[in-house]
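Let me begin by presenting the structure, written as structure tokens, before commenting on it.
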Amino acid sequence: AYGYPVLVTAHHQDDQMETMLMKIIRTGSLDSAAGIRFTQPFQGVGRLVRPLLGVSKKRLLAYSQKYEIPYFEDETNQSLAMQRNRLRHQVIPQLKKENPREGEHFQHLSEELLLAQELISEKQKVWYDSYVVEESNQLSVNISDYQKLSEAGQYFFIQKIAQVVLENYQLVISKKQQKEVHELLEKGVAQWSIDLGKDWQ
């Protein structure tokens, strides 16, 4: 509404731990496990920035008390009805008992996962552009090109096809279906088909 180019939020290290754990529990997916990014595009016109991701909640509270900076806490933060709060009050304190620097480790892991995702995305684009012919409601792949890839390459190649089909045709190819395609290609079965829904096979 006001055309601000940047929105800054106060997400901190503990928020990062909670978010990463929630996403691992919900999806078990590399795509989401990295958690919160330091910065990302926002509403297509600006940037969302989180400069405090590397700072623990404990340190922020100590700072606010030292300099008498008032802060407010949502009363729902205490309710165990929500998964995030259960992780916040029951799981993360135990992790910190194991290692007080656990928050730093989660942030480091997040940064590594984001870099890994970037590298995988670059490779996926190269493979897709090289190996896939896209026609009207049809994708064709030369199986000999697919078979040249490592097992990891094959996994992420099929994942890329699933991403494209979701974006372009609003069709969800589940992880189970992706695995089934990979296994059938690995076995070298001559004739087979899988029903993917929406008249796709």
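Computed values, structure above
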read-out: Residue in the stretch 189-198 that is open to solvent by less than 40 Å² (accessible area, probe 1.4 Å) and assigned to a helix (DSSP H, G or I) present; value: no
read-out: Of all residues in the stretch 122-151 being over 21 Å from Ala190 (Cα atoms) and open to solvent by less than 60 Å² (accessible area, probe 1.4 Å), the one that is nearest to the chain's Cα centre (by Cα); value: Gln124
read-out: Complete set of residues in the stretch 137-162 that are touching a residue at least 24 places away in the same chain (Cβ under 8 Å) and assigned to a helix (DSSP H, G or I); value: Ile143, Tyr146, Gln147, Gly153, Gln154, Tyr155, Phe156, Phe157, Ile158, Gln159, Lys160, Ile161
read-out: Test: residue in the stretch 32-39 that is farther than 23 Å from Phe106 by Cβ and either part of a loop (DSSP other than H, G, I, E, B) or among the hydrophobic types (A, V, I, L, M, F, W, C) (or both); value: no
read-out: Residue within the stretch 101-114 that is basic (Lys, Arg), free of Cβ contacts under 8 Å to residues at least 60 places away in the same chain and in a helix (DSSP H, G or I) present; value: no
read-out: Output for the stretch 2-49, where each listed residue is more than 26 Å from Tyr71 (Cβ to Cβ), out of contact with any helix residue (DSSP H, G or I) (no Cβ under 6 Å at 6 or more places or on another chain) and either surrounded by 13 or more Cβ atoms within 10 Å (Cβ to Cβ) or among the small types (Gly, Ala, Ser) (or both); value: Gly3, Gly28, Ser29, Leu30, Asp31, Gly44
read-out: Residue in the stretch 173-182 that is assigned to a loop (DSSP other than H, G, I, E, B), without any contact (Cβ under 8 Å) to a residue 40 or more places away in the chain and either touching a Leu at 6+ places or on another chain (Cβ under 7 Å) or of a type outside the set (Lys, Arg) (or both) present; value: yes
read-out: Leading residue by the ranking (least open to solvent (accessible area, probe 1.4 Å)) among those in the stretch 59-92 that are basic (Lys, Arg) and free of Cβ contacts under 8 Å to residues at least 24 places away in the same chain; value: Arg86
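The values are calculated or read from the model by the stated rules, or taken from the named source; none is laboratory data. Since this is a predicted model, take the numbers as computed values, not measurements. Cβ: placed from backbone, ideal geometry, glycine included. Neighbour counts: every protein chain shown. Side chains are part of the model used for accessible areas, which takes the heavy atoms of the whole protein and leaves out ligands, DNA and RNA. Shrake-Rupley method; radii C 1.70, N 1.55, O 1.52, S 1.80 Å.
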